[in-house]
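Engineer: Supplied in structure tokens, the structure appears directly below.
The values are calculated or read from the model by the stated rules, or taken from the named source; none is laboratory data. The model shown is predicted, which means the values in this text are computed figures rather than measured ones. So basically every Cβ, Gly included, is an ideal-geometry build from the backbone, and we count neighbours across all protein chains shown. We work out accessible area using only protein heavy atoms, side chains counted, and drop any ligands, DNA or RNA first. Shrake-Rupley method; radii C 1.70, N 1.55, O 1.52, S 1.80 Å.
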Amino acid sequence: MVPPPSTPPPNPQQIQQFLSSVLSQRGPSSLPYTEDTKWLIRQHLLSVTSHYPSLEPKTATFTHNDGRSVNLLQADGTIPMLFQGVTYNIPIIIWLMESYPRHPPVVYVNPTRDMIIKRPHPHVTPSGLVSIPYLQNWIYPSSNLVDLVLNLSSAFARDPPLYSQRRPNPSPNPSPNPSINSSMTSSYGQHPPPPRVAAAAAGYPPSPYGRVQLPQSPAPQTEDASEVYKRNAVNKLVEMVHGDIIGMRKAREVEVEGLFSAQAVLRRREEEINKGLKEMQDEKEGLEQQLQVILMNTDVLDSWVRDNEGKRKNLGMTNVNVDEAFYCVDVLSKQMLDCTSADLAIEDVVYSLDKAVQDGAVPFDQYLRNVRLLSREQFFHRATAAKVRAAQMQAQVASMAARAPHYAT
């Protein structure tokens, strides 16, 4: 129906640069789309232009019924339609409204100068507004422009919305293409945008209704009352069904949003549970290690009790010398005992000297000399005890390493 444009369509890189530029603008000239949907809008337009190169993304001014004008994105061009084995090009304009993609776009059939919209048509109003089930049942975020164009082509193939009219005195020199009016009219009951493309050139397939010619003065016809009543009833039923579908869609959208929120909460709880489980596993491993140490120490204490049980019985009820009741098992233990006892004894002597100098029983200079000597001796005892303790720890670690395979089994 429409000849291809004289200038080649922009390549995908130019389209990407154009969309990135217009969607990234800020300030008064920015497009009225939300920031969280601009990426999806860009992907929808890139996808539809890659599948249908005859569609070109543009920006133009859209005027609503209330007189408010806004700058919006549109996909302008033609879509293929297969009718009786011949492919025709249907000119359309797809307007991406401010609420897109959460709500469907507005689609216009954009007839050329020699085309007329078929009346009546089940999907196209006399103003060119298109209404098909896919637009009425638009579901965010699964619905997209590629599927929309596919459904438009299928619907138009069943009942083409345009047919060509024959002019009685065609002009020998057709005028060039008229320019596009940047101020488009709203899709809701007003006139469509003015025609943009001249009559189809020779060599292109004609309109599926190419043989139809508009009558100059159509004769008035009286419609049957039953047919009018039937048509009104069908329209009423369609409106009711359409309203029910819109209500169900809104309810499903609310339900889906609730499910998304619940999913986010469940994912957060899953992360918390996994974190708590990992902490519990780490704590379990630490407790198992402590249990191994306790079992080793218990074994050592049991061995000590068994070794000293007979000694306690041999002592009986007689007086026991404290110094003889305990003895060191090795040289390191005896050396640790001697150093510790000497350290504590020096502490007691220093404490007594402090009391004596406070009471005036010992001269202060003598007190300083004695404290200096005792402190020097105490330092050596503590240094020796530290070395002995390190040696004992090393021996204990070696003993625990030797016992570890026994407890592991």
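Engineer: Using 0.36 nm times the number of residues separating Ala361 and Tyr229, minus their current alpha carbon distance, what extension gain do you get?
Structural biologist: Length gained, Ala361 through Tyr229: 34.4 nm.
Engineer: Which FRET efficiency value, to the nearest 0.05, do you get for Glu347 and Ala383 by plugging their Cβ-Cβ distance into 1/(1 + (r/R0)^6) with R0 = 22 Å? The partial results should precede the final answer.
Structural biologist: Numbers: r = 16 Å, r/R0 = 0.72.
Computed FRET efficiency for Glu347 and Ala383 comes out at 0.90.
Engineer: Per residue, how large is the accessible surface of region 228-316? Use a 1.4 angstrom probe and give square angstrom.
Structural biologist: 87 Å²
Engineer: Now for a separate question. Among rounded, prolate and oblate, which fits region 228-316 when a ≥ b ≥ c are the square roots of the eigenvalues of its C-alpha gyration tensor, a/c under 1.5 means rounded, and a/b larger than b/c means prolate?
Structural biologist: prolate
Engineer: Which of the lysines could a cross-linker bridge to Lys334, judged by Cα under 23 Å and excluding same-chain residues fewer than eight apart?
Structural biologist: Lys311, Lys387
Engineer: Another question, if that's okay. Between Asp36 and Ala264, take the C-beta separation as r, use R0 = 22 Å, and let me know the FRET efficiency to the nearest 0.05.
Structural biologist: Numbers: r = 15 Å, r/R0 = 0.69.
The formula returns an efficiency of 0.90 here.
Engineer: At most 14 other Cβ atoms within 10 Å and a DSSP loop assignment: could you name the trypsin sites (Lys or Arg not before Pro) in region 13-69 that fit?
Structural biologist: Loop-located and lightly packed - Arg26, Arg68.
Engineer: Any idea of the accessible area per residue across region 1-127, 1.4 Å probe, to the nearest Å²?
Structural biologist: 47 Å²
Engineer: Right, here's the next one. Work out how much length Leu150 to Gln290 would gain on full extension: take 0.36 nm times their residue separation and subtract the Cα-Cα distance, in nm to one decimal.
Structural biologist: Separation in residues times 0.36 nm, less the Cα-Cα distance, equals 43.5 nm.
Engineer: Next question, about the same structure. Pop the C-beta distance of Ala398 and Leu373 into the FRET formula with R0 = 41 Å and round what comes out to the nearest 0.05.
Structural biologist: Efficiency computed from Cβ-Cβ geometry: 0.60.
Engineer: Rank these by accessible area, largest first, 1.4 Å probe: Trp39, Trp304. Provide the component values of the computation, followed by the final result.
Structural biologist: On the way: Trp39 165, Trp304 130 Å².
Highest to lowest solvent-accessible surface, that is Trp39, Trp304.
Engineer: Subtracting the Cα-Cα distance from 0.36 nm times the residue separation, let me have the gained length for Leu82 to Glu283 in nm, one decimal.
Structural biologist: Full-extension gain reported as 65.3 nm.
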